[in-house]
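Novice: For reference, the structure I am asking about is given below.
The values are calculated or read from the model by the stated rules, or taken from the named source; none is laboratory data. Computed from a prediction, not measured in an experiment: that's the story for all the values here. Note that each Cβ is placed from the backbone with ideal geometry, even for glycine, and that neighbours are counted across all protein chains shown.
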């Protein structure tokens with residue numbers, strides 16, 4: 001990992017202590033300017049932590065101060081207190097879903113993506129509607145309540161393709177929530193079909209889309225976004241599409257891929273941009289940060305976020321987002337142990353048992369889990385596990401371990417169907 005601006009200790013700004021005071025093992029005499037500066041900084045951090053833990057709003061500058069300067073354990077305690085204020089029952093949720101990728105053909109060519117293939121590439125593919133419906137049927141059999149239909153920005157896929165596909169899924173499996181696509185797909189469909197963003201959103205909604213995923217957010221801050229995805233819409237356009245969708249009755253999640261070379265200040269700016277929209281719409285159900293995966297893509301892992309950077313970001317997000325209810329920890333990109341640690345840093349959701357996932361795994365994420373293990377991870381963190389739906393309603397609260405569900409098939413799969421294909425004659 002780069003030891004420069006991508007480190008939490010970098011870019012602390014004018015509140016940082018002098019080099020002598022900051023040096024490990026260096027004693028500073030009481031009453032010297034360095035000691036006075038350090039004491040003032042510590043008092044400021046403590047004051048901001050206390051205010052945020054009590055539900056008070058903090059500024060972006062204060063969030064950056066906490067991210068770069070707050071002691072890790074104090075930061076975690078404050079974030080956990082903020083979580084408990086919102087969810088005093090200590091329930092942590094998970095969902096069973098399936099990510100169905102309908103094509104890997106994409107014209108956007110993001111530098112961090114290992115999944116896409118350019119139009120005309122020999123490895124490009126498209127799933128037909130029957131294949132998609134088969135995968136939906138498997139998901140229903142395994143207890144899934146949500147489908148995330150996502151894929152590349154195919155140059156030939158206009159609004160009609162999505163309308164027909166969504167309508168077919170809803171006819172066959174009306175019980176499945178379609179939490180799918182994202183603002184980037186709206187921009188692409190609008191360009192391909194020659195219609196407005198509003199028209200795309202309304203037609204997707206009317207065809208059966210229940211809510212938008214946070215896909216395509218990556219990082220919304222201008223400089224790093226352009227560096228890793230120069231052909232993708234700017235961050236302010238992504239947010240504008242989401243704001244329009246919220247106004248039309250489609251809620252969404254918000255995400256953040258960290259570790260692609262952004263500075264600490266740019267990380268916090270990403271949070272600020274999301275919070276500003278949330279103040280106006282209230283349409284973001286949750287915030288989901290995850291880490292860049294370095295394999296098989298053009299960035300080649302030159303910069304990555306460390307575990308500590310990720311945990312600090314989760315905690316700061318819980319303190320900063322006083323207007324977003326849920327915060328999800330990522331086990332898929334950081335590992336199950338780190339995912340479990342997020343439950344002590346403000347997270348109240350541990351994501352999903354993904355019956356299929358192809359995009360992040362193609363870039364190197366090889367962590368797998370199943371429902372039994374996810375329930376155990378939550379319970380071992382001294383929380384009560386609960387299966388939820390897309391709206392975060394509790395479907396089953398697992399209060400008694402003796403009553404935990406047991407089904408070895410409900411497990412994460414990569415690049416595969418979840419159930420064996422039975423040959424017919």
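Novice: Can you pull out the residues in the range 40-95 that are farther than 27 Å from residue 262 by Cα and outside any helix (DSSP H, G or I)?
Specialist: 54, 55, 56, 87, 88, 89, 90, 91, 92, 93, 94, 95 - these are the residues of the range 40-95 that are farther than 27 Å from residue 262 by Cα and outside any helix (DSSP H, G or I).
Novice: Moving on to the next point. If residue 302 satisfies every condition in (1) closer than 30 Å to residue 389 by Cβ; (2) surrounded by fewer than 24 Cβ atoms within 10 Å (Cβ to Cβ); (3) modelled with pLDDT under 85 but one, which is the exception?
Specialist: That leaves (1) as the condition not met.
Novice: Kindly establish whether residue 288 is assigned to a helix (DSSP H, G or I) and crowded, with 21+ Cβ neighbours inside 10 Å.
Specialist: Answer is no for this residue.
Novice: Moving on to the next point. Any idea which of 356, 373 is within 29 Å of residue 132 (Cβ to Cβ) and modelled with pLDDT under 80?
Specialist: 356
Novice: Looking for whichever is modelled with pLDDT of 95 or more and either under 23 Å from residue 186 (Cβ atoms) or outside any helix (DSSP H, G or I) (or both) here; the options are 255, 260. Which one fits? Reasoning before the result, please.
Specialist: Details: 260 fails: modelled with pLDDT of 95 or more.
None of the others qualify; the one that does is 255.
Novice: Within the range 86-106, is even one residue free of Cβ contacts under 8 Å to residues at least 40 places away in the same chain, under 30 Å from residue 317 (Cβ atoms) and surrounded by fewer than 19 Cβ atoms within 10 Å (Cβ to Cβ)?
Specialist: yes
Novice: If you don't mind, there's one more thing I want to ask. Considering the range 113-134 alone, what residues qualify as being crowded, with 21+ Cβ neighbours inside 10 Å and either free of Cβ contacts under 8 Å to residues at least 40 places away in the same chain or in contact with a strand residue (DSSP E or B) (Cβ under 9 Å, 6 or more places away or on another chain) (or both)?
Specialist: 116
Novice: Just the residues that are surrounded by fewer than 21 Cβ atoms within 10 Å (Cβ to Cβ) and on the phi < 0 side of the Ramachandran plot, please, taken from the range 247-264.
Specialist: Correct list: 247, 248, 250, 251, 263.
Novice: Is one or more of the residues making up the range 123-131 at negative phi, more than 19 Å from the chain's Cα centre (by Cα) and assigned to a strand (DSSP E or B)?
Specialist: yes
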